[in-house]
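Every number in this text was worked out from the coordinates using simple rules, so none of it is lab data. Remember, predicted model here, so these are calculated numbers, not experimental data. In this analysis, Cβ positions are derived from the backbone assuming ideal geometry, glycine residues included, and neighbour counts consider all displayed protein chains.
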Amino acid sequence: MKKLICHCGAIEAEINVSTFEKVIKCNCSICKRKGSTMSMVKNEDFKIIKGKERLTLYKFHTKIANHYFCSICGIYTHHNPRINPAMTGFNLGCIDEVDTFKLEKINIADGKNHPLDKN
């Protein structure tokens, strides 16, 4: 079990995971700007335990993906991607014991050329 905490501590989540099987960065317009390193779990393995009322939801483009931020400190905490809404992506930088600068195997998700944008 890992604990995710935003910068100001208003948002806390428990993540039912022992290791991060896949670590990703994404090149889509929002991820490029926020610059976070993320991992994913099934929705049932991610639970907000504090501050749900402080979360701000941001949607853009197709309005399918849900991007959540702390309304106080502005930190991106997690999201539900449009390619698989049954999953939760989360900001590894919000987990105190993870040093994102020491991670070696970071996959790049090509959100810039998202498969759901193809005609």
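Looking at the square roots a ≥ b ≥ c of the eigenvalues of the Cα gyration tensor of the range 2-109, which shape do they give, rounded for a/c under 1.5, prolate if a/b is larger than b/c, or oblate?
On the way: a/c = 1.30, a/b = 1.03, b/c = 1.26.
In terms of gyration-tensor shape, rounded.
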For residue 50, the aspartates and glutamates lying under 16 Å Cα to Cα, once residues fewer than eight places off in the same chain are dropped, come out as 12, 14
Scoring the chain by relative contact order with C-alpha pairs under 8 Å, at least six apart, yields a percentage of 31
The rounded separation in angstrom of the Cα centers of the range 51-69 and the range 1-48 is 14
Which of 3/32; 25/47; 25/105; 52/112; 47/102 exceed 20 Å between C-alpha atoms? The answer is 3/32; 25/47; 52/112; 47/102
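Counting other C-beta atoms within 10 Å, and keeping those with at most 15, which DSSP coil trypsin sites (Lys or Arg not before Pro) do you find in the range 24-85? Intermediate values should be presented prior to the final figure.
Values: sites: 25, 32, 33, 34, 42, 47, 50, 52, 54, 59, 63, 82; in loops: 59, 63, 82.
When the trypsin sites (Lys or Arg not before Pro) of the range 24-85 are filtered for loop state and at most 15 Cβ neighbours within 10 Å, 59, 63 remain.
Length gain on complete extension for the stretch residue 72 to residue 49, per 0.36 nm per residue less the alpha carbon to alpha carbon distance?
On the way: separation 23, 0.36 × 23 = 8.28 nm, distance 1.67 nm.
Gain in length upon complete extension: 6.6 nm.
List the GluC sites (Glu not before Pro) within the range 27-119 that DSSP assigns to loop and that have no more than 14 neighbouring Cβ atoms inside 10 Å. Provide the component values of the computation, followed by the final result.
Working: sites: 44, 53, 97, 104; in loops: 97, 104.
Listed in order of number, the matching sites are 97, 104.
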Checking the range 1-86 for chymotrypsin sites (Phe, Trp or Tyr not before Pro) in a loop per DSSP with at most 16 other beta-carbon atoms within 10 Å yields 60
Treating only Lys and Arg (+1) and Asp and Glu (-1) as charged, each at its beta carbon, one finds that the chain has a dipole about its Cα centre, in Debye to the nearest 20, of 440
Within the set 70, 28, 94, GNM on the chain using Cα springs under 10 Å gives the largest fluctuation to 28
Dipole check, the range 2-109, charges on Cβ (K,R +1; D,E -1), about Cα centroid: among 58, 13, 68 the Cα furthest to the positive pole belongs to 58
